[in-house]
Amino acid sequence: MKTALRIASMKRVLVVGTALCIALSLGGCASQKPLYGNTTDADTRPKSEPDPKRAAEINAQLGLNYLQRGEKFVAAEKLTRALKDDPNSALVQHGNAILQDSLGQSALAQEHFRRALEIAPNDPEVLNNYGAFLCRQGQFSEGISTLERALSNPLYRTPGFAWANIGQCQRQNNQLSEAEASLRQALRLDPRQSYAWLQLASLQLEQNKPVDANVSLQRYHALEAQNPASLLLGARIEKTLGHREAQAHYELLLRGKFPDSVEALSLGGSK
């Protein structure tokens, strides 16, 4: 299962058009009036030098945007350039941590996370993503502690994500009742957090609550399109309920829409 990763909210306030324009020309977009007075001699006008810190911030955000779209090669190019321009930026270090985590480079990811927190020790977005990372590494106690630090920041705008990650971490640590309470808290704060609904549905099935799990899964599907994980979960729920036709329907959808997925292949038999 994915963690409740926050990328979009890490960005500084950038107008997309402006960001892309500056990214293409790190000195900025052309102004309609001269930058250095009203001189008409374009050849002798002083030229502004690109600001490395500003360039790094823009490349970091572009890299994160590419990463969110699954374009890892371009994301790596942008984030590596950002790191060269300003290694002392928390945004840049955080972006590179997320990149390395997505590439399976856990040691490098942890190094960048720690560097980001040295620069911005109370940044709730960094704390949320680092806490989730630690939980995936099996460091449950430290992971939950880090996520709780994110929640302690009164300016954290999306605490539901941290609660959802705490819930998943507790579930991985076999703290099922605590995990359910945390996921419900995440959904109280943000009922449209689809990730938490899917986690809750899976947890409820694990607790042998298939009726509740079915309700949670429907809430998830009201927010998100069907995908291999949700369809397989639906089939498992219906099987537990003894609804063979509904189970077969989910399996048919899974094989038909995502025939090469791990979930579809796990069903065995013909596609």
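The values are calculated or read from the model by the stated rules, or taken from the named source; none is laboratory data. Note that the structure is a prediction, hence the values are computed from the model and not measured. Note that we place each Cβ from the backbone using ideal geometry, even for glycine, and neighbour counts take in every protein chain shown.
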- Out of all the residues in region 46-67, is one or more modelled with pLDDT under 65, more than 30 Å from LEU232 (Cα to Cα) and either surrounded by 12 or more Cβ atoms within 10 Å (Cβ to Cβ) or hydroxyl-bearing (Ser, Thr, Tyr) (or both)? yes
- Query: With (1) buried (at least 19 other Cβ atoms within 10 Å of the Cβ); (2) out of contact with any His (no Cβ under 9 Å at 6 or more places or on another chain); (3) modelled with pLDDT under 95 as the list, and LEU14 as the residue in question, which single condition is left unmet?
  - Reply: (1)
- Flag if ALA109 is part of a helix (DSSP H, G or I), surrounded by 24 or more Cβ atoms within 10 Å (Cβ to Cβ) and in contact (Cβ under 8 Å) with a residue 24 or more places away in the chain: no
- Item | Qualifying positions in region 202-244 - of a type in the set (A, V, I, L, M) and within 20 Å of the chain's Cα centre (by Cα) | LEU223, ALA225, ALA229
- Only listed residue being of a type outside the set (Asp, Glu), more than 30 Å from GLN100 (Cβ to Cβ), part of a helix (DSSP H, G or I) and in contact (Cβ under 8 Å) with a residue 24 or more places away in the chain, chosen from LEU217, LEU127, LEU205: LEU205
- Query: Within the set of pairs 6+ apart or on separate chains, which have a first residue in region 137-154 that is in contact (Cβ under 8 Å) with a residue 12 or more places away in the chain and under 17 Å from ALA116 (Cα atoms), a second that is hydroxyl-bearing (Ser, Thr, Tyr) and surrounded by 14 or more Cβ atoms within 10 Å (Cβ to Cβ), and C-beta atoms under 7 Å apart?
  - Reply: THR146/TYR130; ALA150/TYR156
- Message: Looking at region 254-265, can you tell me whether even one residue there is touching a Gly at 6+ places or on another chain (Cβ under 7 Å), farther than 29 Å from VAL126 by Cα and crowded, with 21+ Cβ neighbours inside 10 Å?
- Response: no
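Scan region 89-119 for residues that are basic (Lys, Arg) and within 17 Å of the chain's Cα centre (by Cα) and jot them down.
Of everything in region 89-119, nothing turns out to be basic (Lys, Arg) and within 17 Å of the chain's Cα centre (by Cα).
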- Task: Might you check whether a residue that is of a type in the set (Asp, Glu) and under 25 Å from ARG171 (Cβ atoms) occurs anywhere in region 94-114?
- Result: yes
- Task: Kindly indicate the residue of region 142-178 that is part of a helix (DSSP H, G or I) and of a type in the set (Val, Ile, Thr) and also surrounded by the most Cβ atoms within 10 Å (Cβ to Cβ) among those meeting that condition.
- Result: ILE166
- Task: Would you be able to say whether some residue in region 71-79 is crowded, with 19+ Cβ neighbours inside 10 Å, over 21 Å from TYR130 (Cβ atoms) and among the acidic types (Asp, Glu)?
- Result: no
- Count of residues meeting criterion [among the β-branched types (Val, Ile, Thr) and in contact with a Pro (Cβ under 6 Å, 6 or more places away or on another chain)] in region 238-271: 1
